[in-house]
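The values are calculated or read from the model by the stated rules, or taken from the named source; none is laboratory data. Fair warning: this is a prediction, and the values are worked out from it, not measured in the lab. Here the Cβ positions follow ideal geometry from the backbone for every residue, glycine too, while neighbour counts run over all protein chains shown.
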Amino acid sequence: MRQLIESQSDETFILNLGPQHPSTHGVLRVKLQLDGEYIVEAEPVLGYCHRMHEKMGENRTFAQFMPNCGRMDYLSALAYNHGYVCAVEKAAGIEVPERAEWLRVITVELNRISSHLLWFGAYLLDLGGFTPLLYAFDDRERLLDILDTVTGSRLTYCYFRFGGVYNDIDENFVPAVREFVARMRTRLPMYHKLVTKNIILMKRLEGIGPVSAEMVRKYGATGPVARGSGVSYDVRKNEPYSVYPEVDFDVPVYSEGDSMARYKVRMDEIEQSLRIIEQGLNRLPEGPVMAPKAPKILKPPKGDFYQAVEAARGSFGVRLVSDGTNTPYRLKLRSPSYSNLSLFGEAAQGMLIADAIALLGSLDLVIPEIDR
Amino acid sequence: MNESINIPWLVGSLVAAIAFVALNASMLVWLERKVAGHIQRRIGPKEVGPFGLFQSFADGLKLMSKQLIVPECSDRILFKVAPLLVMVPAIMSFVVIPFSENLVARNINIGLLVIFAFASVNVLGLLLGGWGSANKYAVISGARAVSQNVAYEIPMLVTVVTMIMVTQTMNLNEIVLQQPDIFHWYIFRLNASPLMPVAFLIFFVCSMAETNRAPFDLGEAESELVAGFHTEYAGMGFGLFFLGEYANVFIGCSLATILFLGGWQSPFGVFPGVWWFLLKVYTLIFVVMWARWTFPRTTLYGLLNLSWKILIPISLFNLVLTGVMLKVF
Amino acid sequence: MVDYFKELIGGTISLATGLWITFKYMWQPVITLQYPRQSVKMTRRHRSHIELARDSETGEVKCIVCGMCQRACPSNCITVIGEKSEGAKKKVLTKYILNYNTCSLCGMCVENCKPEAITFSDEYNMAGYRKEDFIMDLKKRFDEKNPKSAAATHNVAGGLKEDITRTSSN
């Protein structure tokens, strides 16, 4: 590998993977220096989808920034909602009723499943398998229908409010979710039989794109990427928030660090999310879904606040600096895919293009979240 | 054997072959989309004509009416020749395929050899198309196509040599005549070699790889190489690659049928004819499509490993075994 | 050597299992909806563009032209114009302009509306050739939908009727 880098000369050529390429899922551009099909150097180029969300936050009231949360990581929009409202609630000292907390957890976990299902399908599409995508979308559609009845939208949710949630659930929600959980439990073994145990997929993923635990620490990768490399870090367990401390669930960790490990972590997380949802449904208390004393016009006291939540891709952090007015002084968002992508350059060295695609897909990138 | 050359018959059959290739490809595209649709629990084409049968004709018309754009820095001659190099050999191979006892354009003694001679030209078309379009993705794809074809030609030809040893002829029609019913199909002739079903499987997998069908469609791996060698082709340039691919699928499956499944012979020994041939071929093509919509794509080294570590040793072993069996019994 | 054959056989079995699964699915009924011929019924809470709500007593808009929606909107896509006629106590809505191009369907306007004068429609089939098509005057839409003499049972949201003209052929 070293020799390849040192001997770069006329023997190599540059290939632009993106910004419009089928497997960069949006507008990521990766500059590849290739020696034949071997990657000598890979450099991700960002910023094609930059929309200044952080700056927008400084110019809007706290409530007006809510819809932006769903536009960053559009696949796990509810986790972003959660991170933002938690940060603002921490700043303004708003108490959230218990029912609202449980509803948040249930919907966030449902959203996590839908995100992982989409990743599963899209990843298989990257690897050339078309059919699993459609099967995953079959399940995901049902999930989106459920979330649509609660939140009113199917993708860019804007459901949480400071002090609670926007709407209480209706009477169909609990049976629909229970039905979905039961269905998903039967579908997961099918996915494992069709995809996970398939020899072609195993050959393509096992040992491909190894990411060591040091690399994870060096680049600050979180979420399934870190857990696939043996770093047991999950914000829900390590820095508990909301009602997660009361929930009984496991954090799947695999130590191999290859694409297969990341794949397995996500598939196991779907199962764990189902567990969390079931517990949430069983323990869902009666009561209001909105704090009665939540102020309409928010003016948090001066201060510096940070809240991290576990989004589908890793730790999403909101740093909120308030100067006592009705707009934030600074809103810094830490998005997981940005850190997860940054290790790609190092990990992809010396790989074949096809393997690099498998690695890139296994990082589960959402480009608008990287660029914000 | 008819040794004299009957020019009108030959020209007529060439025209028929071209017509058949076009019709067959449009039907296969329709079938492929229907199979894919139902595997994925959707309907597939349904708007144009009954069950969407005329969809591919509409697509074909659209392709024909489009401009063939030649990229600025491409090699203009190679770029234009490449689709023909894929298409023409595919049509030529149809000349020797026996659809039924008499429905064969030119019944020659080296039919099998002719088909493999033409099949090797196919890869040249892919390489030139990739090279000529002056696109980095296309060049990588062309290189992949060559290494893939070289790797898979070997086990395929070793299997065919085994078959020639067993059948003692290279005349396709005679091979079919040796298999009058299901018990005499070569796939079940375990007395010739106990590995005959495996040989069929090797041949089938190789023909899938030779024709660049998924899961071996590395040449046009769209998630890696955008569209591979036909990235820069528009209109009928792309159309010919497409037609050529489906023609090659048909040839691969018909060869498997002729060598192992008794060609146009009926499984019960009665009513032999072209319908049996088409039925068997289209069943095999269905399996090819079914596999495409089930499996993810292999990688290049996975593909080469399969060829060199599994298919070639087994087919060589089969060759030796068959030789020994022929000598002993 | 044992591993070699183990992998070979195991791999073949895994491939066959995959084929069997897709084969089973091939014969199951399709689950897609034939979109232009059938359409989806939106859920009750679906948030599409906003619509002015109708007061069931007076048959007029509930809007009192307070402008809360305009101020709450993060994308500044609402313009409320009202006028105070001579002698009247309250302002009367004359124009309610929604620039749907920039609307992000967040629902802040609906939440902040004290008299509950705005509701969500469930229309999702919106397409046009120019962006000007989506600068809508909701008051005008309201008047078109609710002629002064209309019966009180009119459904404001309009809604899409399920229109199955042709079911799938197989």
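Pull up region C:28-82, narrow it to residues that are among the hydrophobic types (A, V, I, L, M, F, W, C) and surrounded by fewer than 16 Cβ atoms within 10 Å (Cβ to Cβ), then point me to the one that is farthest from A:ASP145 (Cα to Cα).
Ranking the qualifying residues of region C:28-82, first place goes to C:ILE81.
Of the numbered conditions (1) of a type outside the set (S, T, N, Q); (2) touching a Pro at 6+ places or on another chain (Cβ under 8 Å); (3) more than 30 Å from A:GLY57 (Cβ to Cβ), A:PRO288 fails exactly one; give the number of that condition.
Going through (1) of a type outside the set (S, T, N, Q); (2) touching a Pro at 6+ places or on another chain (Cβ under 8 Å); (3) more than 30 Å from A:GLY57 (Cβ to Cβ) one by one, A:PRO288 breaks only (3).
Based on what the data block shows, is B:ALA90 farther than 16 Å from B:PHE229 by Cβ, crowded, with 18+ Cβ neighbours inside 10 Å and touching an Asp or Glu at 6+ places or on another chain (Cβ under 9 Å)? Spell out how you get there, then give the answer.
On the way: farther than 16 Å from B:PHE229 by Cβ: no; crowded, with 18+ Cβ neighbours inside 10 Å: yes; touching an Asp or Glu at 6+ places or on another chain (Cβ under 9 Å): yes.
It is false that B:ALA90 is farther than 16 Å from B:PHE229 by Cβ, crowded, with 18+ Cβ neighbours inside 10 Å and touching an Asp or Glu at 6+ places or on another chain (Cβ under 9 Å).
Please note which strands (runs of 3 or more DSSP E) are completely contained in region A:1-113 and include at least 1 residues that are modelled with pLDDT of 85 or more and either touching a Cys at 6+ places or on another chain (Cβ under 8 Å) or among the acidic types (Asp, Glu) (or both).
Counting at least 1 such residues, we get A:38-45.
Right, A:VAL231: in a helix (DSSP H, G or I) and either under 23 Å from the mean Cα position of the chain (by Cα) or at pLDDT below 85 (or both) or not?
When the stated conditions are applied, A:VAL231 does not pass them.
Matching residues to (1) assigned to a loop (DSSP other than H, G, I, E, B); (2) at pLDDT 85 or above; (3) surrounded by fewer than 16 Cβ atoms within 10 Å (Cβ to Cβ):
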residue: B:ALA17; (1), (2), (3): no, no, no
residue: B:ALA22; (1), (2), (3): no, no, no
residue: B:ALA36; (1), (2), (3): no, yes, no
residue: B:ARG42; (1), (2), (3): yes, yes, no
residue: B:LYS46; (1), (2), (3): yes, no, no
residue: B:LYS62; (1), (2), (3): no, yes, yes
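Checking the structure you have, find out if any residue of region C:47-66 is within 14 Å of chain A (Cβ to nearest Cβ), part of a loop (DSSP other than H, G, I, E, B) and in contact with a Gly (Cβ under 7 Å, 6 or more places away or on another chain).
yes
What are the residue pairs meeting all of these: first residue in region B:214-231, first residue within 16 Å of B:VAL139 (Cβ to Cβ) and modelled with pLDDT of 75 or more, second residue part of a loop (DSSP other than H, G, I, E, B) and charged (D, E, K, R), Cβ atoms under 6 Å, and 6 or more apart or on different chains?
B:ALA227/B:GLU220; B:GLY228/B:GLU220
So which of A:LEU155, A:LEU143 is away from chain B (no Cβ under 14 Å) and assigned to a helix (DSSP H, G or I)?
Checking each option against the conditions leaves just A:LEU143.
What is the number of the single condition among (1) without any contact (Cβ under 8 Å) to a residue 12 or more places away in the chain; (2) surrounded by fewer than 18 Cβ atoms within 10 Å (Cβ to Cβ); (3) within 23 Å of A:SER339 (Cα to Cα) that A:HIS21 does not meet?
The single condition A:HIS21 does not satisfy is (2).
Are any of the residues in region A:170-189 free of Cβ contacts under 8 Å to residues at least 40 places away in the same chain, within 12 Å of another protein chain (Cβ to nearest Cβ), farther than 15 Å from A:ILE106 by Cβ and outside any loop (DSSP other than H, G, I, E, B)?
yes
For region A:134-152, how many residues meet the condition of being more than 16 Å from A:VAL177 (Cα to Cα) and out of contact with any Phe, Trp or Tyr (no Cβ under 8 Å at 6 or more places or on another chain)?
Result for region A:134-152: 2.
What about B:THR298, is it of a type in the set (Val, Ile, Thr) and free of Cβ contacts under 8 Å to residues at least 12 places away in the same chain?
The answer is no for B:THR298.
Can you list residue pairs whose Cβ atoms sit under 8 Å apart, with the first residue in region A:132-152 being in contact (Cβ under 8 Å) with a residue 40 or more places away in the chain and the second being of a type in the set (S, T, N, Q) and part of a helix (DSSP H, G or I)? Count only pairs 6 or more apart in sequence or on different chains.
Note: pairs meeting the criteria are A:LEU147/A:THR107; A:LEU147/A:ASN111; A:LEU147/A:SER114; A:VAL150/A:THR107; A:THR151/A:THR107.
What's the number of the condition A:GLY128 fails, among (1) at negative phi; (2) within 14 Å of chain B (Cβ to nearest Cβ); (3) surrounded by 24 or more Cβ atoms within 10 Å (Cβ to Cβ)?
So the condition that A:GLY128 fails would be (1).
Any idea how many residues of region B:222-257 are away from chain A (no Cβ under 14 Å), within 26 Å of B:LEU306 (Cβ to Cβ) and in contact with a Pro (Cβ under 7 Å, 6 or more places away or on another chain)?
Number satisfying all stated conditions: 1.
For region A:244-274, name all the residues that are assigned to a helix (DSSP H, G or I) and of a type in the set (D, E, K, R).
Matches in region A:244-274: A:GLU246, A:ARG262, A:LYS264, A:ARG266, A:ASP268, A:GLU269, A:GLU271.
I'd like to check something: does region A:63-78 contain any residue that is farther than 21 Å from A:PHE180 by Cα, more than 19 Å from the chain's Cα centre (by Cα) and without any contact (Cβ under 8 Å) to a residue 24 or more places away in the chain?
Yes: region A:63-78 contains one or more residues that are farther than 21 Å from A:PHE180 by Cα, more than 19 Å from the chain's Cα centre (by Cα) and without any contact (Cβ under 8 Å) to a residue 24 or more places away in the chain.
Name the residues in region A:340-372 that are surrounded by fewer than 23 Cβ atoms within 10 Å (Cβ to Cβ) and hydroxyl-bearing (Ser, Thr, Tyr), would you?
A:SER342
Conditions: (1) crowded, with 19+ Cβ neighbours inside 10 Å; (2) closer than 15 Å to C:CYS66 by Cβ; (3) in contact with a helix residue (DSSP H, G or I) (Cβ under 7 Å, 6 or more places away or on another chain). C:PHE120 meets all but one. Number of the miss?
For C:PHE120, the failing item is (2).
Looking at (1) surrounded by 23 or more Cβ atoms within 10 Å (Cβ to Cβ); (2) touching a Ser or Thr at 6+ places or on another chain (Cβ under 8 Å); (3) not in a helix (DSSP H, G or I), find the lone condition where B:PHE229 falls short.
(3)
Given the conditions (1) buried (at least 18 other Cβ atoms within 10 Å of the Cβ); (2) of a type in the set (Ser, Thr, Tyr); (3) farther than 25 Å from B:ARG42 by Cβ, report the number of the one that A:SER232 does not fulfil.
Every listed condition holds for A:SER232 apart from (1).
Is it the case that some residue within region C:8-26 is surrounded by 14 or more Cβ atoms within 10 Å (Cβ to Cβ) and in contact (Cβ under 8 Å) with a residue 24 or more places away in the chain?
Checked against the condition, which is being surrounded by 14 or more Cβ atoms within 10 Å (Cβ to Cβ) and in contact (Cβ under 8 Å) with a residue 24 or more places away in the chain, region C:8-26 yields no hits at all.
With the checklist (1) within 14 Å of chain A (Cβ to nearest Cβ); (2) assigned to a helix (DSSP H, G or I) in hand, flag the one item B:GLY219 doesn't pass.
Tallying (1) within 14 Å of chain A (Cβ to nearest Cβ); (2) assigned to a helix (DSSP H, G or I), B:GLY219 fails exactly one: (2).
How many residues does region C:21-46 contain that are within 11 Å of chain A (Cβ to nearest Cβ), hydrophobic (A, V, I, L, M, F, W, C) and either assigned to a helix (DSSP H, G or I) or touching a helix residue (DSSP H, G or I) at 6+ places or on another chain (Cβ under 9 Å) (or both)?
Result for region C:21-46: 5.
Checking the structure you have, find out if any residue of region B:197-206 is part of a loop (DSSP other than H, G, I, E, B), of a type in the set (Phe, Trp, Tyr), in contact (Cβ under 8 Å) with a residue 12 or more places away in the chain and surrounded by fewer than 24 Cβ atoms within 10 Å (Cβ to Cβ).
No, region B:197-206 contains no residue that is part of a loop (DSSP other than H, G, I, E, B), of a type in the set (Phe, Trp, Tyr), in contact (Cβ under 8 Å) with a residue 12 or more places away in the chain and surrounded by fewer than 24 Cβ atoms within 10 Å (Cβ to Cβ).
Checking the conditions here, which among A:ILE277, A:ILE297 is modelled with pLDDT of 90 or more and either buried (at least 24 other Cβ atoms within 10 Å of the Cβ) or assigned to a loop (DSSP other than H, G, I, E, B) (or both)? Steps first, answer last, please.
Working: A:ILE297 fails: modelled with pLDDT of 90 or more.
None of the others qualify; the one that does is A:ILE277.
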